[in-house]
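The values are calculated or read from the model by the stated rules, or taken from the named source; none is laboratory data. Keep in mind that this is a model prediction, so the values were computed, not measured. Virtual Cβ from ideal backbone geometry, glycine too; neighbours counted across all protein chains shown. These area figures cover heavy atoms from the full protein model, side chains too; ligands, DNA and RNA do not enter into them. Shrake-Rupley method; radii C 1.70, N 1.55, O 1.52, S 1.80 Å.
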Amino acid sequence: MTRKSLTITLFLCSTLTACSVMNQQECETANWSALGYVDGSQGASSSQFSDRSSACSEYNVRANFNEYQLGYNQGLTIYCTENNGFFIGSKGQSYQGVCPQKTAILFLKGYNKGKELFSIRESVSQAEQDLRDEKDEIAHKKDKLNDLKNSLIYDKLSSRERREKLDEIDEINQRPNLIKEKTQTLSKLKRKLAKLESTLRY
C-alpha cells in the first residue's frame, strides 16, 4: 500500500463505517502494517483485525497479525493525544477505550472537555430550535385566536363550550411568556458556551 493509497484509505475510513470490510484484491495486496496504522490512528477497536481477518479468510488470504499490531500501535500514538481527545469529544464521537494507560489519562482529559463542549453546543442548538418552534406556533395561533374571539361574540355557545374557548384563549395569550422563558434559557446557554470556549485552548 503506497503513501498515496494509505492517505485515501485514511480519508475513506474517517467517512465510512465499514472500512474493515475488504474485498479480494484488497486482501491479496494488503499491507497489514499500514492497515493497522489506519485503524489505530482512527481509534478503531482492536477487534478490527478480526473483522479484516475474517473477510480475507473467505479468499484464502491469511492476515498478518504481527505486522498489523505493529502498525496499530503506531497509529494509536497519533490518536491517543490530549488534542485529538478533545477533537473526538467535541464532535460527539464515541471512544472505544483503545488508548494504553500511559496515554489514556491525557486523551480522556481532552475528550471529556470536548464532550462537555459538544453537549452545551447541542443544548444551544436545541434551545434555538425550541424558540423557533414556539414563534412559529404563535404565528399559527393568531388566526385561531381571532376565530375563538368571534365565536364567543357571535356563536350560540353553552356554558361549557364558552369556558373551553376562554381557556384556549388564555392558553394562547400565555404564549408570549413562553417566548420570554425560552429566550432567557437560550441566552443563559450561550453565555455558558462562550465562557467554556474562552477557557479552552486546543
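Using the Karplus curve 6.51 cos²θ - 1.76 cosθ + 1.60 with θ = phi - 60°, what ³J(HN,Hα) values do you get for each residue of region 118-135, in whole Hz, with x for Gly and Pro?
So the J values, rounded to whole Hz, are 4, 4, 5, 4, 5, 5, 5, 4, 5, 5, 5, 5, 4, 5, 4, 4, 5, 5.
Accessible area per residue of the chain at 1.4 Å probe, in Å²?
66
At 1.4 Å probe size, put Thr185, Thr77 in order of accessible surface, largest to smallest. Don't skip to the answer; put the middle values down first.
Details: Thr185 70, Thr77 95 Å².
Greatest to least solvent exposure: Thr77, Thr185.
So if R0 is 45 Å, what FRET efficiency would Gln25 and Ile105 give, r being the distance between their Cβ atoms, rounded to the nearest 0.05?
0.65
Under a plain spin-label model, where a point goes 7 Å from the Cα along Cα-to-Cβ, how far apart in nm are Leu178 and Ser158?
Going by the 7 Å Cα→Cβ label model, 2.8 nm.
The chain: D in µm²/s via Stokes-Einstein (Kirkwood Rh, Cα pairs, 20 °C, 1.002 mPa s)?
The estimated diffusion coefficient comes to 99 µm²/s.
When the Cα centres of region 25-40 and region 64-140 are compared, how far apart do they sit, in Å?
Computed from Cα coordinates, the inter-centre distance equals 26 Å.
If you count, for each residue, the other Cβ atoms within 10 Å and average over each peptide, how do 101-111, 82-92, 30-40 line up from highest to lowest? Present the calculation step by step, with values, prior to reporting the outcome.
Values: 101-111: 16.0, 82-92: 18.5, 30-40: 23.5.
My ranking of the peptides, most packed first, is 30-40, 82-92, 101-111.
From the phi of every residue in region 82-87, what ³J(HN,Hα) in whole Hz does the Karplus formula 6.51 cos²θ - 1.76 cosθ + 1.60 yield, where θ is phi - 60° and glycine or proline is x?
Here the 3J(HN,Hα) series is 5, 4, 5, x, 4, 4 Hz.
Work out, step by step, the length gained on full extension between Lys192 and Asn112: first 0.36 nm times the residue separation, then minus their alpha carbon distance; give nm to one decimal. Don't skip to the answer; put the middle values down first.
Numbers: separation 80, 0.36 × 80 = 28.80 nm, distance 1.65 nm.
In short, 27.1 nm is gained.
At 1.4 Å probe size, with the rest of the protein present, what percent of the exposed accessible area of the chain is carbon and sulfur atoms?
Roughly 49 percent of what the probe reaches on the chain is carbon or sulfur.
Over 18 Å between Cα atoms, which of Lys115/Lys180; Lys135/Lys192; Lys113/Lys192; Lys91/Lys115 qualify?
Lys115/Lys180; Lys135/Lys192
Could you bin all the Cα-Cα distances of region 109-202 into 10 Å bins starting at 0 and give me the percent of pairs in each, rounded to whole numbers?
15, 30, 21, 16, 11, 6, 2
Give, as a single signed number, the net charge of other residues whose beta carbon lies under 10 Å from the beta carbon of Glu82, with Lys and Arg counted +1 and Asp and Glu -1.
It works out to a net charge of +2.
Tell me, what is a quarter of the convex hull surface for the C-alpha atoms of region 80-149, in nm² with one decimal? Before the final figure, lay out each step's value.
Numbers: hull surface 22.6 nm².
Mean projected area for region 80-149: 5.6 nm², to one decimal.
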